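Chemist: First the structure, which I've put down as structure tokens, then a few questions once you've had a look.
The values are calculated or read from the model by the stated rules, or taken from the named source; none is laboratory data. Since the model is a prediction, treat every value here as computed from it, not as a measurement. SASA here: full protein model, heavy atoms, side chains in, ligands and nucleic acids out. Shrake-Rupley method; radii C 1.70, N 1.55, O 1.52, S 1.80 Å.
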Amino acid sequence: MARRKKIYEGKAKILYEGTEPGTLVQYFKDDATAFNAEKKATIEGKGVLNNRLSEFFMTGLTQIGVPNHFIKRINMREQLIRAVEIVPLEVIVRNFAAGSMAKRLGLEEGTPLPRPIVEFSYKDDALGDPLVPEEYIIAFGWATQQDMDDIVALALRVNDFMSGIMYGVGIKLIDFKIEIGRIFEGDFMRLIVADEISPDSCRLWDMKTGQKLDKDVFRRDLGNLTDAYTEVARRLGVMPNNVSPATKPTLIN
Ligand code: UDP
């Protein structure tokens, strides 16, 4: 069998050529990075969990009509996705102050925001993904005003979906990051949710205890990251393959 072509390797994922034109294989690594890759580690099992969790969220988004890149899961670490042209922005949605926003504005982490806030960082590791106003995005041609309206609408739909899903399992969605891709269908261009949605790119706090169940566990040395992600997966009923049948819930029709 010929070796498949690697298209791109990032910090947590690798993209390979897909099986059909217009598709890619997305491989989830166990590598974790933080603070613009200044802190690095390999965390066994993280890739498997994120592959499953991203599948779960993207499939749910498809079911409520939010277009995204997910096609199907291939195995424990790989999924088939639509090839897109990535808009060079990190689209961040915040419901409660945390992380860089809390720091910038001197807010206590967990302070509820008056409404969901959508903000954008320019995707450039060398610059440390700087926060940019919409005016820069349009002026520099990274996206048009119409694109931005569509991106904000998509981001807010993802926010409502993710907040509801998490609320149902006793988790507060503090904030998250998504990336958006362009696909071309004949003369038409469409914007869809791309990259991944996983505890690597969300802040998730237990509703009762405030325990962190996301990448901050790694960033801030708060414990075992795999345990935190496994807890999110367990609550959502997203079972990794190696769970023994005896502990799987029985579905009754
Ligand atoms: N985020 C991400 N990738 C990044 C930067 C941020 O996935 O390169 C996510 C992060 O996990 C959090 C949200 O976006 O859920 C907001 O992050 P923030 O701007 O507060 O930055 P941080 O505190 O992570 O540096």
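Chemist: Which helices count as membrane-span-like in the chain under these terms: full DSSP H, at least 24 Å along the axis by C-alpha, Kyte-Doolittle mean of -0.5 or more?
Modeler: Long hydrophobic helices here: 46-63, 145-168.
Chemist: Need the C-alpha centroid separation for the range 170-197 versus the range 14-35, integer Å.
Modeler: When both Cα centres are located, 16 Å separates them.
Chemist: Hey, any idea what % of the range 102-174's accessible area is carbon plus sulfur with a 1.4 Å probe?
Modeler: Carbon and sulfur atoms account for 56 percent of the accessible area of the range 102-174.
Chemist: Could I ask something else about it? Check which residues have an amide H placed less than 5 Å from M207's amide H, if you skip close sequence neighbours.
Modeler: Here the answer is I171, K172, since their amide H atoms fall under 5 Å of that of M207.
Chemist: Mind jotting down the three principal axis lengths of the range 109-253 based on Cα atoms? Whole angstrom, largest first.
Modeler: 56, 39, 32
Chemist: While we're on this one: Leaving out ligands and nucleic acids, note down the accessible area per residue over the chain with a 1.4 angstrom probe, in whole Å².
Modeler: That works out to 53 Å² for each residue.
Chemist: OK, next. Please compute, over every Cα-Cα pair in the range 39-133, the percentage with a separation greater than 22 angstrom.
Modeler: 53 percent
Chemist: When the accessible area of the range 31-70 is split by element with a 1.4 Å probe, what percent falls to carbon and sulfur?
Modeler: So the carbon and sulfur contribution to the accessible surface is 52 percent.
Chemist: Starting at 0 and stepping by 5 Å, how many percent of the alpha carbon pairs of the chain end up in each bin?
Modeler: In order of increasing distance, the bins hold 1, 6, 12, 17, 19, 19, 13, 7, 3, 1, 0, 0 percent.
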